[in-house]
Amino acid sequence: MILLVFSSFKIKLSKACEYVGSNIGYVKSQTKKALAENDLNKARFFTYKALNAIEKSKNQMKDCGCDYAVANIEEGLKNLIAATRASSLNGSKLLLTRALENADLSLEALRNYDSESPYGNDVLAMNTAETKNAPKKAKIIEGKSLEKKIDDSLISYKESLDNIVNTVSCKEAKAFALRIYQHCEQELLKSNLSEGKKYYNLKTKDITAQALKKLEGCQ
């Protein structure tokens, strides 16, 4: 009976995670469409579609229980909202690029979460050596995988930021870069930040600091 109960619980959680993965895939496709637009209003149209998909996925995210995927899609939500408020197409595209990175990281987290137990030791209440060691092993694999994914995704962020520095007015480019830099600083001050998110914000902050150095002459 216990095995049947936990098997049913696992299937239910897996389904929730599948729904989340599908919805994040839709968020990605709409964000890509927004990035492909050369008209700010059209870009906003697709951005709003991505935003609505995230809003409609909140219950499934909660049921899935993959905290890292949720944290990244919530970060993506902030970037999408900021993109709708951007006054220039280039500024909007920088934020959309970050939102796309967040969606990629969420999907990566879900893939890794699949290989882990969907319920913790406190739920199973089993003190076997196998139960104790498995989550630690899965966490190490997830950490390495996510770190590589973060490094890869930040290549496109750096390219987008360089494009902003080179094509947007100095004052506007500095304002964008400074806002991202300060956001990373605030995130890194949080005591409950996961290792992956610490790494993401630290690397983003370093890249943004290089851009701000190029804009030092701006007043």
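The values are calculated or read from the model by the stated rules, or taken from the named source; none is laboratory data. Computed from a predicted model, the values in this text were never measured in an experiment. Glycine also receives a Cβ, built like all others from the backbone with ideal geometry; neighbour counts cover every protein chain displayed. Note: accessible area is taken over every heavy atom of the protein model, side chains too, but ligands, DNA and RNA are not part of it. Shrake-Rupley method; radii C 1.70, N 1.55, O 1.52, S 1.80 Å.
Think of a 1.4 Å ball rolled over the protein heavy atoms: the stretch 177-219 then has 62 Å² of accessible area per residue. What the stretch 74-116 shows is 33 Å² of accessible area per residue, with the surface traced by a 1.4 Å probe over protein heavy atoms. Rolling a 1.4 Å probe over the protein chains gives CYS17 an accessible area of about 20 Å². Fully extending the segment from GLN186 to GLU55 would add 44.7 nm, taking 0.36 nm per residue of separation and subtracting the current Cα-Cα distance.
Given points 7 Å out from each Cα along the Cα-Cβ axis, report the LYS214 to SER88 separation in nanometres with one decimal. It is 1.3 nm. Please compare each pair in LYS49/LYS93; LYS149/LYS171; LYS28/LYS197; LYS149/LYS213; LYS158/LYS214 to a cut-off of 24 Å on the Cα-Cα distance and tell me which ones are over it. LYS149/LYS171; LYS149/LYS213, as the Cα separations exceed 24 Å there. Per-residue surface analysis assigns ASP152 an accessible area of about 80 Å², computed on protein heavy atoms at 1.4 Å probe radius.
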